[in-house]
Amino acid sequence: MENQKIYLNKISFASNSKKAKKRVGRGIGSGFGKTSGRGHKGQKSRSGGFHKIGFEGGQMPLHRRLPKRGFTAPFGKYTAQVRLSEIDKLELDGEENITPALLKKLGLVSLLTRRVKVFLSGTITKPANLEGIAVTPKVKEAIEAVGGSVKILIHDDEEKKQGTKK
């Protein structure tokens, strides 16, 4: 086999690797003559005779009988969640404030992010000054316990809820 020459006109497919397509309507002997494997009468025997997916013959379809569930959060892709342990791992100069812009620059949150929230997962060992970042109550306690600070900027919608104006 090794030293045999290969000719382009001698190359062929392996046996049974190419299956012939089903040729319907070619007589009784083919097994798919006359009705071409579609049976007699009815919607499925006609050309174009298939209903849409989920159609149940006029009965109210299952996908319309069941109640709607869930929702898509309107600000989901603009809100980022950061663990407390991730804040602790940041290599920052002593008094530098941690802002959403800084987290974007460091690649910790997406560039689309408009709102960042820190939640309690892990521990914090060094002081951190958060500015303009939302935190959970336990995170605020943890940061202040190690000598850090949290300064949350109030957004316009929160002012409207509180009934105050600038």
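The values are calculated or read from the model by the stated rules, or taken from the named source; none is laboratory data. Treat the numbers as computed from the prediction; the structure is a model and nothing was measured. Cβ placement follows ideal geometry from the backbone for every residue including glycine, while neighbour counts extend to all protein chains displayed.
Could you say whether any residue in region 97-114 is farther than 26 Å from Pro127 by Cβ, polar (S, T, N, Q) and not assigned by TED's automatic domain parsing to the domain that holds Leu130? Give the steps one after another, and end with the answer.
To start, the set of residues in region 97-114 that are farther than 26 Å from Pro127 by Cβ comprises 110-112, 114.
Narrowing further to those that are polar (S, T, N, Q): 110.
With not assigned by TED's automatic domain parsing to the domain that holds Leu130 added as a condition, the list becomes none.
Checking region 97-114: not a single residue is farther than 26 Å from Pro127 by Cβ, polar (S, T, N, Q) and not assigned by TED's automatic domain parsing to the domain that holds Leu130.
For region 54-82, enumerate the residues that are surrounded by 10 or more Cβ atoms within 10 Å (Cβ to Cβ) and over 30 Å from Gln43 (Cα atoms).
Those that are surrounded by 10 or more Cβ atoms within 10 Å (Cβ to Cβ) and over 30 Å from Gln43 (Cα atoms): Lys77, Tyr78, Thr79, Ala80, Gln81, Val82.
Only one residue in Arg65, Arg114 is basic (Lys, Arg) and more than 25 Å from Lys138 (Cβ to Cβ). Which one?
On the way: Arg114 fails: more than 25 Å from Lys138 (Cβ to Cβ).
After ruling out the rest, the residue left standing is Arg65.
Give the residues of region 83-111 that are surrounded by fewer than 11 Cβ atoms within 10 Å (Cβ to Cβ) and touching a helix residue (DSSP H, G or I) at 6+ places or on another chain (Cβ under 6 Å), sorted by residue number.
Once the filter is applied, which keeps residues that are surrounded by fewer than 11 Cβ atoms within 10 Å (Cβ to Cβ) and touching a helix residue (DSSP H, G or I) at 6+ places or on another chain (Cβ under 6 Å), region 83-111 yields only Leu111.
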